[in-house]
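The values are calculated or read from the model by the stated rules, or taken from the named source; none is laboratory data. Note that the coordinates shown come from a computational prediction; the quantities given were computed from them, not determined experimentally. Because the Cβ atoms are built from the backbone with ideal geometry, glycine has one as well, and the counts that use them run over all protein chains shown.
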Amino acid sequence: MKLVYGGGTVGIMGEVAKTLVSLAGPDAVHGIIPEALVKYERDYKEGAPLDSVIDESTFGRTTVVADMHSRKQAMAREVIDGGEGGGFVALSGGYGTMEELMEVTTWNQLGIHARGVIVFNVEGYYDGLLQWVRTAVKSGFIANNNSNIMIEAKTGAECVESLKNYQNAEGRMKLEWNQK
């Protein structure tokens, strides 16, 4: 199993990356971080080369990109190209997590990718979001046959199992996208 993530060394992102590297080695993790965020990492020193800030033996391979759009595109491309059983897992997070979760959910609905979209609902963190989906379906803003694009998992094991067994929603659009 490999992890593609936002490249941070602090908070949940850093802990998940560090743990997976300790279990499976640095090749199991690829962090992709925008240049502007590098200065917020734990070992940042003014004037140091950007590619030396994040210790790859601790946090895995790191790629520094120009901006958030480049980061999201690179992360999504790597996950989409990663093969069967791969997908997107949203851990508890803030605005950025929610924005990225909604984007990959929308991309699944539009047929841009066919990877799993899993909401890791630790201690009910995403209960409100899951209720919102049910309300949006009931109100007609999300088609019932698209209601299960996001799958809830309550344990790490359920996340892995949900990715392995993910079934795309019947209501997905079958559009042709230029994937270059």
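Summary of computed values
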{"read-out": "Failed criterion for Glu123 (all others in (1) at positive phi; (2) in contact (Cβ under 8 Å) with a residue 12 or more places away in the chain; (3) in a helix (DSSP H, G or I) hold)", "value": "(2)"}
{"read-out": "Long-range neighbours under 6 Å by Cβ, at least six apart or interchain, first residue in the same structural domain as Ala114 (by TED's automatic domain parsing) within region 134-148, second of a type in the set (D, E, K, R)", "value": "Asn145/Glu170"}
{"read-out": "Close pairs from region 9-33: first assigned to a loop (DSSP other than H, G, I, E, B), partner buried (at least 21 other Cβ atoms within 10 Å of the Cβ), Cβ under 6 Å, at least 6 apart", "value": "Thr9/Ile54; Thr9/Phe59"}
{"read-out": "Neighbours by Cβ (under 6 Å, 6+ apart or cross-chain): first from region 38-62, aliphatic (A, V, I, L, M); second modelled with pLDDT of 85 or more", "value": "Leu50/Val64; Ile54/Thr9; Ile54/Thr62"}
{"read-out": "Residue list for region 140-157, filter: among the aliphatic types (A, V, I, L, M) and surrounded by 17 or more Cβ atoms within 10 Å (Cβ to Cβ)", "value": "Ile142, Ile149, Met150, Ile151, Ala153"}
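Each row is one residue, and each column tells you yes or no for (1) at pLDDT 90 or above; (2) closer than 22 Å to Ala136 by Cα; (3) within 17 Å of the chain's Cα centre (by Cα); (4) not hydroxyl-bearing (Ser, Thr, Tyr).
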| position | (1), (2), (3), (4) |
| --- | --- |
| His30 | yes, no, yes, yes |
| Glu46 | no, no, no, yes |
| Pro49 | no, no, no, yes |
| Ala90 | yes, yes, yes, yes |
| Tyr95 | yes, yes, yes, no |
| Glu99 | yes, yes, yes, yes |
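Every residue, every condition in (1) buried (at least 18 other Cβ atoms within 10 Å of the Cβ); (2) part of a strand (DSSP E or B); (3) outside the structural domain of Glu158 (by TED's automatic domain parsing), yes or no:
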{"residue": "Lys72", "(1), (2), (3)": "yes, no, yes"}
{"residue": "Val104", "(1), (2), (3)": "yes, no, no"}
{"residue": "Asn108", "(1), (2), (3)": "yes, no, no"}
{"residue": "Ala114", "(1), (2), (3)": "no, no, no"}
{"residue": "Ile118", "(1), (2), (3)": "yes, yes, no"}
